[in-house]
Amino acid sequence: MRLENPFRAQSPYLAAERTRRARMIDAVTRMAMFISIPLNIVVLVMFVVAYSPQMIILTVLCLAIFPACWLTRRLASRGSIDLAAWYFIIWFLMIVFLNTLLIRGLHPLLVPGFFLLIIAANLFLAPPYPYVIAAAASGMYLLSEVLRARVPFGTEIDPGSSETFLVSIVVLAFIFVAFLNQLITGDLRRALDDATHDLMEANKKLARASEMKSRFTARTSHELRTPLSSIIAFSDLALRDAYGPLAPKLRDALTYVHNGSRHLKDIINDLLDLAKIEAGQIEIADEDVSLPRLVDTVKAGAEEIAKEKGLQWSIHVSPEMPGTLRGDSSRLAQILVNLAGNAVKFTETGSVDVGIERLSANRWRMAVRDTGPGIPEDQFESIFEAYKQLNGTASPSKVKGTGLGLAITRHLVRLMGGTIRVESTLGKGTTFTVEFPLRIGSAPA
């Protein structure tokens, strides 16, 4: 199989640009052919009124506009876009330059004529060639000024005929400028419409793909959790000697199975939560939340692991906090357990401290502080993205995970009307702070 040379492969954008340039050449030359009709009528009238050798040359040059435009269109239609563009620009540069030299009264057309051709060069030619045309036009303008000042070149025609010709050319130039403006804005509008349509279609496809992914994740997670729950339940019963005493090696194996199953179930729960969040199907309950029970849940989830790693563990609740809040108890516990669990996992020495306090009459805060390796400032935002792992730290623990905990935490915090922020210093530790609206529950503390 023959492979294409990657250094010779053309970008699809180049093909689109060539198509745009061919479309511009076709439109401008077609308009120039229409404009050449009234222009040639005026030139023929001037030729009859003011016959001279110079007028013969001027008439021939103007009559040649129509076949020149036709040839340009033919070249462009056959794919010779650059050749067609250069032929059109150079031909009309010469027409404007020679005509203003042949007839002295037509010199005022030189500057606006060159300006129009420079605009056309920007439409037809790829960068940096329009600068070449601008430089050529400047040189031709300076040359015409020198010739007019020092060499008696060109012939005078009747002032009335000259003024009539100038007025006609100016009117046609106004029409041509309006056409160019409409052509440019129309092309931009067309490109914008095409891009908007493509973007809308891409968004629809992405939405369908996201919905299918969320459905698949939710269904698969549900199917996986059922057997996992059975594995966890039966292995727990076995470890409690419900089926009789276990040999030491078998107990170690069952302990490994039990812990691995619980960890896998946690991952599946995270995947299911993320799928619900992306599908907009997650619901936040409005119920009484017992603050002491919330504290106990956090202790059960992180305190034992902290002690096993030799970390100083503490959780402090401000006496100003009410004993009962309004909110979603399971989601609040999930947020705090995620943050405390991350702090314990990534901290090898030192301490992990959890604080819950009242900020004002209508705000309260949960803060998790650790003395871990810290987080680089340029990763403060990326750590909250799904499936993102922390990079660039010197953590000796090399903790691996799915990268879903913080992403789910931020979504849950926002759904409950709260905010989350991170402060960290490399080598000293990290603090995650979550603030919520304070609503006092009705149940007794």
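The values are calculated or read from the model by the stated rules, or taken from the named source; none is laboratory data. Here the structure is a predicted model, which is why all the values come from computation and not from measurement. Here Cβ is always computed from backbone atoms with ideal geometry, including for glycine, and neighbour counts include all displayed protein chains.
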Residue pairs within 8 Å by beta carbon, gap of at least six or interchain, first lying in the range 267-289 and under 15 Å from HIS411 (Cα atoms), second small (Gly, Ala, Ser) and in a loop (DSSP other than H, G, I, E, B), listed first then second, are LEU274/ALA386
Select from the range 66-86 the residues that are surrounded by 15 or more Cβ atoms within 10 Å (Cβ to Cβ), in contact (Cβ under 8 Å) with a residue 12 or more places away in the chain and closer than 14 Å to ARG21 by Cα and list them in ascending order.
-> THR72, ARG73, LEU75, ALA76, ILE81, ASP82, ALA84, ALA85, TRP86
Within the range 238-249, residues surrounded by 12 or more Cβ atoms within 10 Å (Cβ to Cβ) and assigned to a helix (DSSP H, G or I) come out as ALA238, LEU239
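The rows are residues; the columns are (1) in contact with a Gly (Cβ under 8 Å, 6 or more places away or on another chain); (2) part of a helix (DSSP H, G or I); (3) within 19 Å of ALA135 (Cα to Cα); (4) not β-branched (Val, Ile, Thr).
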| position | (1), (2), (3), (4) |
| --- | --- |
| LEU39 | no, yes, no, yes |
| MET46 | no, yes, no, yes |
| TYR51 | no, no, no, yes |
| VAL60 | no, yes, no, no |
| ASP82 | no, yes, yes, yes |
| ASN99 | no, yes, no, yes |
Identify the residue in the range 271-286 that is part of a loop (DSSP other than H, G, I, E, B) and among the small types (Gly, Ala, Ser) and, among all such residues, is farthest from GLY441 (Cα to Cα).
-> ALA279
Please indicate, with yes or no, whether at least one residue in the range 98-114 is modelled with pLDDT of 85 or more and closer than 30 Å to THR19 by Cβ.
-> no
So which strands (runs of 3 or more DSSP E) are wholly in the range 306-391 and hold at least 1 residues that are in contact with a His (Cβ under 9 Å, 6 or more places away or on another chain)?
-> 351-360
Report whether or not ARG73 is under 22 Å from ASP187 (Cα atoms) and basic (Lys, Arg).
-> yes
Restricting the range 273-286 to residues that are surrounded by 15 or more Cβ atoms within 10 Å (Cβ to Cβ) and not hydrophobic (A, V, I, L, M, F, W, C), the one nearest to ALA333 (Cα to Cα) turns out to be ASP273
Residue in the range 221-229 that is of a type in the set (Lys, Arg), surrounded by 13 or more Cβ atoms within 10 Å (Cβ to Cβ), within 41 Å of the chain's Cα centre (by Cα) and farther than 24 Å from VAL354 by Cβ present | yes
Residue list for the range 1-53, restricted to those being of a type in the set (S, T, N, Q) and modelled with pLDDT under 75 | ASN5, GLN10, SER11, SER52
